[in-house]
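Peer 1: My questions all concern the structure below.
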Amino acid sequence: MKKFIHKLFSMRNIFSVILYLLPKRLSHPLIRRKINLNYKLPKDLIFKIAETKYEREQAFQILQEAFLERNLVDKNETGIRVTKYHALPTTSVLIIKDKNKVIGTMSVINDSPLRLPVDELSDISEMRKNHKKITEVSAFAIRKGLKYSRSYLMFPIMRFMSEYTHFYLHSDCLIIATHPRMQSFYTAVLGFKPVDNKIYHYEFVKGAKAFIQYIRFDDALKWQEKIYRGKPPKKSYYSYAQFDFSDNFIFPERTYYQSFDATMSAEDLDYFFNDKSNIFSNLSLDEKKKIKELYFFKYYNKIIEKDEKNFQRKYPRFPTNCPTRITAPAKQSSNGLKQDVEHQGIVTQVGEKGVGVYSSRSLKLNEPVYLNIQLADDAQALIKANPIWTDNNGQYGCELIQNKSGNAWAKFIFYLEKDFFNLEKKSA
């Protein structure tokens, strides 16, 4: 009881409550004034994606311990916390390592057929209309008893997460659900904006209060440049966002413009979601179908659903971010000549027999177009594709009619599949 009273009336909590109650014009400058950014991180402190079973299990243990201490989850026999979103190949578990020990974690969840955790709280369909790709950041936790404080580790992992999400996953919008008391920090320091100004109760974590915020990366950078102009580096998150942390940050290698990092073998998928939890057994058939859309080896699908007669996509689709020139059929111009209509787009999904395309202009269904796709800095492909469906928000699903680029397209598909091939070999 004494510990609880001491914690309740600690100076930090009193200050947090005061800031929460003050108007923004007063509280936000105070919050920014309190930050002290460290640009020289210890060489043994590494920020990266979890790539092994060992790294992932440590991250899930830290998450369970942190959430249990805050009474956000119940105690369980396995000592780990995982969700259905962690089973997706489009979710990345970020970790902080001190030497060989994982000491912190954060999860980055790409929008997918399973949607996002915040969809359980709020309708973000309008946001999807206004953004090409939304990613949710979740499950931030730090190991107890460290020589580093939570705030010391929070800023570098947020910086790593932002760079990874924007430049490697190619998201243009980041969304987060936090306790309402943290709203002012994310708004004042990073430039987040509220989605709808409502406070929700997150059943995901025992009904805890949640406030949803988002940033558009390009807008946030402009806001940070303006708000931190003239501030010393240790007080400027804009300076911090430009700093070179290459000695401490390890990003995945990219040859082509892919937008995911598959790092979990079928064996590990079985271990975490069947053996160490009952995630897969508790999924609905529709949820299993949606997860299986993101995998394609039988090795994976028989783990997700034992009945292999259920849905399995014959040709997988992979998240990408490939700029493309879209050439629509020639149209009659005012001078009587026929001219092709060309405009810009983004190939957001790629498969052997089809592509997903975000188009800056409307396309007519069942009227084939040519896609001149930038696969990498030094690789292109030209394909003829037929739009067969649209979500009416600029996204089109197209079947591939003709590959007019030789083996460049095949090499691209193989590159996207290789992570799964390598992971399957580990499970064999």
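The values are calculated or read from the model by the stated rules, or taken from the named source; none is laboratory data. None of the values given here were measured: they were computed from a predicted structure. We place every Cβ from the backbone using ideal geometry, glycine too, and count neighbours over all the protein chains shown.
Peer 1: Given the conditions (1) among the aromatic types (Phe, Trp, Tyr); (2) closer than 14 Å to Pro89 by Cα; (3) at pLDDT 80 or above, and given that Phe296 satisfies all but one, which numbered condition is not satisfied?
Peer 2: (3)
Peer 1: Got a sec? Which of Ser333, Ser284 is exposed (fewer than 11 other Cβ atoms within 10 Å of the Cβ) and modelled with pLDDT of 90 or more?
Peer 2: Exactly one residue qualifies, and that residue is Ser284.
Peer 1: With respect to Leu116, determine if the residue is out of contact with any Gly (no Cβ under 9 Å at 6 or more places or on another chain) and closer than 16 Å to Glu287 by Cα.
Peer 2: yes
Peer 1: Scan Tyr300, Tyr240, Tyr228 and give me the residue that is farther than 16 Å from Tyr164 by Cα and under 24 Å from the mean Cα position of the chain (by Cα).
Peer 2: Within the list Tyr300, Tyr240, Tyr228, the selection yields Tyr300.
Peer 1: Return only the number of the condition from (1) assigned by TED's automatic domain parsing to the domain that holds Leu116; (2) in contact with a Phe, Trp or Tyr (Cβ under 9 Å, 6 or more places away or on another chain) that Arg216 does not satisfy.
Peer 2: Among (1) assigned by TED's automatic domain parsing to the domain that holds Leu116; (2) in contact with a Phe, Trp or Tyr (Cβ under 9 Å, 6 or more places away or on another chain), the lone unmet condition for Arg216 is (2).
Peer 1: Closer than 24 Å to Leu88 by Cα and not small (Gly, Ala, Ser), is that true of Ile212?
Peer 2: yes
Peer 1: A follow-up question, please. Quick one: how many residues across segment 299-322 are surrounded by 14 or more Cβ atoms within 10 Å (Cβ to Cβ) and at pLDDT 55 or above?
Peer 2: Of the residues in segment 299-322, 15 are surrounded by 14 or more Cβ atoms within 10 Å (Cβ to Cβ) and at pLDDT 55 or above.
Peer 1: Report, ordered by the first and then the second residue, all pairs with beta carbons closer than 6 Å, sequence separation of six or more or different chains, a first member in segment 28-40 that is closer than 11 Å to Pro233 by Cβ, and a second member that is of a type in the set (Ser, Thr, Tyr) and assigned to a helix (DSSP H, G or I).
Peer 2: Leu37/Tyr240
Peer 1: What is the number of the single condition among (1) at pLDDT below 90; (2) over 23 Å from Glu293 (Cα atoms) that Asp378 does not meet?
Peer 2: So Asp378 meets the others, but not (1).
Peer 1: Return the residues of segment 177-208 that are assigned to a loop (DSSP other than H, G, I, E, B) and either among the hydrophobic types (A, V, I, L, M, F, W, C) or touching a residue at least 24 places away in the same chain (Cβ under 8 Å) (or both); say none if nothing qualifies.
Peer 2: Once the filter is applied, which keeps residues that are assigned to a loop (DSSP other than H, G, I, E, B) and either among the hydrophobic types (A, V, I, L, M, F, W, C) or touching a residue at least 24 places away in the same chain (Cβ under 8 Å) (or both), segment 177-208 yields His179, Gly191, Phe192, Lys206.
Peer 1: Can I ask one more? How many residues does segment 35-57 contain that are assigned to a helix (DSSP H, G or I) and either surrounded by fewer than 18 Cβ atoms within 10 Å (Cβ to Cβ) or in contact with a Gly (Cβ under 6 Å, 6 or more places away or on another chain) (or both)?
Peer 2: Looking only at that region, the number is 2.
Peer 1: So, of the residues in segment 12-34 that are among the charged types (D, E, K, R) and surrounded by fewer than 16 Cβ atoms within 10 Å (Cβ to Cβ), which turns out to be modelled with the lowest pLDDT?
Peer 2: Within segment 12-34, the match that is modelled with the lowest pLDDT is Arg12.
Peer 1: Which of (1) under 20 Å from Val189 (Cα atoms); (2) of a type in the set (A, V, I, L, M, F, W, C); (3) modelled with pLDDT of 95 or more is the odd one out, the single condition Leu63 does not satisfy?
Peer 2: (1)
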